[in-house]
Amino acid sequence: MAALKYAGLDDTDSEDELPPGWEERTTKDGWVYYANHDEMKTQWEHPKTGKKRRCAGDLPYGWEQETDDKGQVFYVDHINKRTTYFDPRQAFTVEDVQQKPKRYDGNTPALEILQGRDLSDKVVVITGANSGIGFETAKSFALHGAHVILACRNKTRASEAVSLIMQEWHKAKVEALSLDLASLSSVKEFAEAFKAKNLPLHILVCNAAVCTQPWRLTEDGLESTFQICHLGHFYLVQCLQDVLRRSAPARVVVVSSESHRFTDLLDTCGKVDLALLSPPKKDYWSMLAYNRAKLCNILFSNELHRRLSPHGVTCNAVHPGNMMYTSIHRSWWLMTLLFNFARPFTKS
């Protein structure tokens, strides 16, 4: 107690009252800090309680925040025609409680990931959103207030997915637009249809994919796994790039896979061999084609982030987890059997 008295910390009735020589201030974004005029220093913690605090809510009606020539934040009360360096919100500060980061595992649903988030001002496009990971992602975004557009090839299944989401919340803003990634003309038509809505685009999730399907060429003359998993999404992002930049801050999320580690795109001389991306039938192996497409996802995501992040558009590639509940393996009964058997032991 003697030490507290010497420091001048025991001469007030309230523990929140500042000792002599101290002043409470706020940063531009509402965090409270404390200035000691005797020692000419500042700190985040209250000198008596050691707590960190921040201002709650918006400024009162008629108030505006400004910055002087020295970088000091001050406040203008336009109603009473006065200025002050005291943040009027400081009467309603709240304690900054440090919470431990929540741990997620294979049993965590998409709804829990976004718990507490208000996305009512966001517009989200998700490819392949009528089933599996895409559907759960779309539902979580929609139930947290976002305007969600399901970009799907199968119109009937897309409409059913919209209905399921609407059944959970009748006010959900969700709709479906036709998109076939195996057709570059369809990708362009989707982009034009989206732009015609005059909406921003805050989140683009490139989720749709196929795996373990027989060799076939798309209408564009390219191997289908490569075009659906990668090239179609590449073209989609190019078509919507201007909308993403206008909507900044925005983001692109590319659903890739850890399987990208089990291949490369190099020839025997160590140079990139573009022929590996769309191989002829005699050189085709479905899993290898999938792995290469996922590697392209990673490379594309990294380069897209390098180019667009200065404009407020971030890009990340994600591995969704092993043996997740998805319809990606529907083309091969053996892979479906493997997924069903192994999922309880590998989902992560």
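The values are calculated or read from the model by the stated rules, or taken from the named source; none is laboratory data. For clarity, every value in this text was computed on a predicted model and none was experimentally measured. Because the Cβ atoms are built from the backbone with ideal geometry, glycine has one as well, and the counts that use them run over all protein chains shown. Ligands, DNA and RNA are excluded from the accessible area calculation, which covers all protein heavy atoms including side chains. Shrake-Rupley method; radii C 1.70, N 1.55, O 1.52, S 1.80 Å.
List every residue pair whose Cβ atoms lie under 8 Å apart, where the two residues are 6 or more positions apart in sequence or sit on different chains, the first residue falls within the stretch 249-268 and is within 19 Å of residue 307 (Cα to Cα), and the second residue, located anywhere, is modelled with pLDDT of 95 or more and open to solvent by 70 Å² or more (accessible area, probe 1.4 Å).
Close Cβ pairs (under 8 Å, with a partner that is modelled with pLDDT of 95 or more and open to solvent by 70 Å² or more (accessible area, probe 1.4 Å)) amount to 251/316; 252/316; 253/316; 254/316.
I want to confirm something. Restricting to the stretch 255-281 and keeping residues that are of a type in the set (A, V, I, L, M) and over 29 Å from residue 135 (Cα atoms), which single residue is most open to solvent (accessible area, probe 1.4 Å)?
274
Tell me which of these residue 47 doesn't satisfy, since it passes every other one: (1) touching a residue at least 24 places away in the same chain (Cβ under 8 Å); (2) assigned to a strand (DSSP E or B); (3) more than 14 Å from residue 26 (Cβ to Cβ).
The one condition residue 47 does not meet is (2).
Pick from the stretch 214-254 the residues that are open to solvent by less than 20 Å² (accessible area, probe 1.4 Å) and outside any helix (DSSP H, G or I): which of them is nearest to residue 178 (Cα to Cα)?
Per the stated criteria, the residue is 218.
Can you give me the number of residues within the stretch 49-74 that are surrounded by 15 or more Cβ atoms within 10 Å (Cβ to Cβ) and within 24 Å of residue 19 (Cα to Cα)?
Here the count works out to 6.
Is the stretch 113-123 home to any residue that is touching a Leu at 6+ places or on another chain (Cβ under 9 Å) and within 30 Å of residue 51 (Cα to Cα)? Lay out the reasoning, then the answer.
Step one: list which residues in the stretch 113-123 are touching a Leu at 6+ places or on another chain (Cβ under 9 Å), which gives 114, 123.
Now restrict to residues that are within 30 Å of residue 51 (Cα to Cα): 114.
Yes, the stretch 113-123 contains at least one residue that is touching a Leu at 6+ places or on another chain (Cβ under 9 Å) and within 30 Å of residue 51 (Cα to Cα).
If I filter the stretch 259-282 for residues that are at pLDDT below 95 and within 21 Å of the chain's Cα centre (by Cα), do I get at least one hit?
no
Of everything in the stretch 42-64, what is in contact with a Leu (Cβ under 9 Å, 6 or more places away or on another chain) and modelled with pLDDT of 85 or more? Give them in sequence order.
If the condition is that a residue be in contact with a Leu (Cβ under 9 Å, 6 or more places away or on another chain) and modelled with pLDDT of 85 or more, then 46, 47 are the ones that fit.
Can residue 145 be described as at pLDDT below 95, under 18 Å from the mean Cα position of the chain (by Cα) and buried (at least 17 other Cβ atoms within 10 Å of the Cβ)?
yes
Cβ-Cβ below 9 Å, separation at least six or inter-chain, first residue in the stretch 285-307 and among the β-branched types (Val, Ile, Thr), second surrounded by 15 or more Cβ atoms within 10 Å (Cβ to Cβ): which pairs?
Listed pairs, sorted by first residue: 298/254; 298/256; 298/260; 298/317.
Applying the selection to the stretch 95-134, what residues are modelled with pLDDT under 80 and open to solvent by 70 Å² or more (accessible area, probe 1.4 Å)?
Once the filter is applied, which keeps residues that are modelled with pLDDT under 80 and open to solvent by 70 Å² or more (accessible area, probe 1.4 Å), the stretch 95-134 yields 95, 97, 98, 99, 100, 101, 102, 103, 104, 105, 107, 116.
Search the stretch 69-85 for residues that are touching a residue at least 12 places away in the same chain (Cβ under 8 Å) and of a type in the set (Val, Ile, Thr) and pair each with any residue that is in a loop (DSSP other than H, G, I, E, B) and open to solvent by 50 Å² or more (accessible area, probe 1.4 Å) when their beta-carbon atoms are under 6 Å apart and the residues are at least 6 apart or on different chains.
Going by the 6 Å Cβ cut-off, the qualifying pairs are 73/28.
Hey, any hits in the stretch 330-344 for a residue that's modelled with pLDDT under 85 and closer than 27 Å to residue 190 by Cα?
Taking the stretch 330-344 and keeping what is modelled with pLDDT under 85, we get 330-344.
After this cut, where a residue has to be closer than 27 Å to residue 190 by Cα as well, the list is 330-331.
Checking the stretch 330-344: at least one residue is modelled with pLDDT under 85 and closer than 27 Å to residue 190 by Cα.
May I ask you to say which residue of 196, 158 is out of contact with any helix residue (DSSP H, G or I) (no Cβ under 9 Å at 6 or more places or on another chain), modelled with pLDDT of 95 or more, surrounded by fewer than 21 Cβ atoms within 10 Å (Cβ to Cβ) and over 16 Å from residue 122 (Cβ atoms)?
On the way: 158 fails: surrounded by fewer than 21 Cβ atoms within 10 Å (Cβ to Cβ).
Only one candidate qualifies: 196.
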